[in-house]
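A.B. asks: So that we are looking at the same thing, I have put the structure below in structure tokens.
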Amino acid sequence: MSTLYLKVDPRQPEPLVIAQAANILRHGGLVAFPTETVYGLGANALDAQAVAGIFRAKGRPADNPLIVHIANLEQLSLVAGELPARAKNLVNLFWPGPLTLVLPKNPQVPAEVTAGLDTVAIRMPSHPVALALIQAAGVPLAAPSANRSGAPSPTTAGHVIADLDGRIHAVVDGGPAYIGLESTVLDLAADPPLVLRPGGVTVEQLEDALQGPVAYEPALSQLEQNLIPRSPGMKYTHYAPQGEVFLVSGSPEAVREKVQRLLSQAKEHGQIAAVLSSKENLAWYQSQEPMADLLINLGPRSALDLVAQNLYGALRACDEAKAAMVLVEAFPATGLGLAVMNRLYKAASCRMIEA
Ligand code: TXA
Ligand code: MG
């Protein structure tokens with residue numbers, strides 16, 4: 001199939017273009033579209049065959065369930081059962097936005113969407129293009145991130161095309177995604193509520209809203225080792241570049257010394273090596289020998305929202321440069337930094353080095 005490319009204004013998407021994409025979705029097609037977090041690959045969530053197409057296009061394991069995207073609260077009752085009281089509060093505070101709630105499922109949601117679970121993950125995105133598209137399609141959209149399974153989530157239409165050109169019916173280009181990392185996935189059936197995936201809404205914001213503790217296991221190591229896969233997505237390796245990734249933590253000075261030593265060793269072995277640096281340490285690396293084949297500024301330690309925006313593009317650039325070794329500086333794991341570190345930890349397959 002050839003993939004139709006549709007460009008829209010991210011703030012005021014042209015109704016005719018949105019109608020064209022919505023029409024494809026209503027006929028069971030696959031359309032990638034921007035959300036405020038990352039690009040999603042959408043299909044009609046109530047059409048089991050259309051949803052099966054998502055798994056084929058991505059090469060996604062069938063036991064990893066999808067997030068259902070809605071544009072208004074009427075659509076919520078099509079896909080979810082009775083809402084717990086705590087959910088209502090969070091819906092009011094964080095929707096539309098980057099929070100996904102795991103809720104009891106409405107029986108009409110096909111088992112393909114939820115991988116047979118009796119719960120369904122739902123969010124209302126805030127991106128004008130996503131909202132307009134769901135509204136125009138008139139149905140909730142099942143939409144995982146629009147990458148090949150195992151690649152970093154796409155934050156631009158270019159990333160989507162690199163992964164899925166010829167495998168999906170259309171891509172709507174609404175410019176770069178705003179946050180750059182996926183939504184927070186929250187399981188409200190657990191007590192206290194459990195963050196299954198840290199993301200755009202922070203644990204701190206959730207605890208404020210719920211006026212109580214929210215559980216999150218930073219390393220998720222046991223979960224990731226298949227001991228208790230609470231969220232099926234957890235047992236799969238994600239976001240791993242082709243090279244070996246090392247995540248180096250410690251004081252900024254100790255980190256850069258350690259990274260530079262590891263870089264020297266890599267260069268002695270003739271390896272292509274990349275360094276993903278904080279803005280603060282960038283100039284220092286530039287003054288050192290040897291230089292990395294690829295030196296990327298992820299952003300300041302004090303502006304983790306910028307780091308989140310840059311992260312997936314940087315990981316993709318490492319693959320494009322065919323880096324055999326990728327040295328990444330750790331960032332503070334607070335606020336959005338928790339999600340940044342969670343993704344880096346996975347990319348590094350848990351290879352943490354304390355400088
Ligand atoms: O920001 C996002 O959430 C993006 C955009 C496109 O909205 N979507 C996204 O979808 O990241 P995906 O499929 O890449 O990740 C969905 C995550 C997976 O880890 C999956 O296992 C989990 O949500 N999930 C889905 N349904 C679940 C359920 N019923 N119970 C627990 N976890 C669930
Ligand atoms: Mg994904």
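No lab work stands behind these numbers, since they all come straight from the coordinates. Everything quoted here is computed from the prediction, not taken from an experiment. Note that we place each Cβ from the backbone using ideal geometry, even for glycine, and neighbour counts take in every protein chain shown.
A.B. asks: For region 241-355, what's the relative contact order in percent, using C-alpha pairs closer than 8 Å and at least 6 residues apart?
C.D. replies: 43
A.B. asks: Multiply the residue separation of A303 and A111 by 0.36 nm, subtract the distance between their alpha-carbon atoms, and state the gained length in nm to one decimal.
C.D. replies: 65.1 nm
A.B. asks: In whole Hz, with x marking every Gly and Pro, tabulate ³J(HN,Hα) for region 241-252 from phi via Karplus 6.51 cos²θ - 1.76 cosθ + 1.60, θ = phi - 60°.
C.D. replies: Karplus-based 3J(HN,Hα) across region 241-252 equals x, 5, x, 7, 9, 10, 9, 10, 10, x, 5, x Hz.
A.B. asks: Oh, and also: Let's test the formula: R0 of 51 Å, r as the Cβ-Cβ distance of R56 and E257. What FRET efficiency results, to the nearest 0.05?
C.D. replies: 0.60
A.B. asks: With the dipole of the chain worked out from charges on the C-beta (+1 for Lys and Arg, -1 for Asp and Glu) around the Cα centre, which of S2, G199, L16 lies farthest toward the positive end?
C.D. replies: S2
A.B. asks: Now for a different question. Modelling each spin label as a point 7 Å along the Cα-to-Cβ direction, I'd like the Q135/L93 distance in nm, to one decimal.
C.D. replies: 2.7
A.B. asks: For region 287-355, calculate the relative contact order in percent as a whole number, restricting contacts to Cα pairs under 8 Å that are 6 or more residues apart.
C.D. replies: Across region 287-355, relative contact order equals 25 percent.
A.B. asks: Only four residue types carry charge here, +1 at the Cβ of Lys and Arg and -1 at the Cβ of Asp and Glu. Report the dipole size of region 307-353 about the Cα centre in Debye, rounded to the nearest 20.
C.D. replies: Charge dipole of region 307-353: 120 debye, to the nearest 20.
A.B. asks: What's the extension gain from A190 to H27 if we count 0.36 nm per residue and subtract their Cα-Cα distance?
C.D. replies: 54.9 nm
A.B. asks: If r is the Cβ-Cβ distance from S264 to E320 and R0 is 22 Å, what FRET efficiency results, to the nearest 0.05?
C.D. replies: The value I calculate is 0.40.
A.B. asks: Right, here's the next one. For the chain, what relative contact order do you get, as a whole percent, if you take Cα pairs closer than 8 Å and at least 6 residues apart?
C.D. replies: Relative contact order comes out at 19 percent.
A.B. asks: Go through region 187-203 residue by residue and turn each phi into a ³J(HN,Hα) via Karplus (6.51, -1.76, 1.60, θ = phi - 60°); whole Hz please, and just put x for glycine and proline.
C.D. replies: My calculation for region 187-203 gives 9, 8, 6, 7, 10, x, x, 10, 6, 7, 8, x, x, x, 9, 7, 4 Hz in order.
A.B. asks: Only bridges with both residues in region 83-210 count here: give the DSSP antiparallel percent, nearest 5.
C.D. replies: The answer is about 65 percent antiparallel.
A.B. asks: As an exercise, find the ratio Rg/Rh for the chain from alpha-carbon atoms, using the Kirkwood inverse-distance average for Rh.
C.D. replies: 0.98
A.B. asks: Here's a follow-up. Rounding to the nearest 20 debye, state how big the charge dipole of the chain is about its Cα centre with +1 on each Lys and Arg Cβ and -1 on each Asp and Glu Cβ.
C.D. replies: 460
A.B. asks: Same structure, new question: Looking at the square roots a ≥ b ≥ c of the eigenvalues of the Cα gyration tensor of region 1-155, which shape do they give, rounded for a/c under 1.5, prolate if a/b is larger than b/c, or oblate?
C.D. replies: Because a/c hits 1.5 or more and a/b fails to exceed b/c, region 1-155 counts as oblate.
A.B. asks: Using the count of nearby Cβ atoms within 10 Å as a rough guide to exposure, how do R197, R123 rank from fewest to most?
C.D. replies: Lowest count first: R197, R123.
A.B. asks: Moving on to the next point. Which percent, nearest 5, of DSSP beta bridges in the chain are antiparallel?
C.D. replies: Close to 35 percent.
A.B. asks: Separate question: Would you compute, from DSSP H runs of 4+ residues alone, the mean residue ellipticity of the chain at 222 nm, taking -39500 (n - 2.57) per run and dividing by the full residue count, rounded to the nearest 500?
C.D. replies: -10500 deg cm²/dmol
A.B. asks: Among T202, T100, T37, which comes first, then next, by fewest other beta-carbon atoms within 10 Å?
C.D. replies: Neighbour counts put them in this order, fewest first: T202, T100, T37.
A.B. asks: Please report, in debye to the nearest 20, how large the charge dipole of region 104-198 is about its Cα centre when each Lys and Arg carries +1 at its beta carbon and each Asp and Glu carries -1 there.
C.D. replies: Taking the Cα centre of region 104-198 as origin, the dipole is about 80 debye.
A.B. asks: While we're looking at this one, here's another question. Between S287 and E354, how high is the FRET efficiency from 1/(1 + (r/R0)^6) when r is the Cβ-Cβ distance and R₀ = 25 Å? Nearest 0.05.
C.D. replies: Using R0 = 25 Å, I get an efficiency of 0.55.
A.B. asks: In what sequence, highest mean first, do 275-285, 10-20 appear when ranked by Cβ atoms within 10 angstrom?
C.D. replies: Answer by packing, highest mean first, reads 275-285, 10-20.
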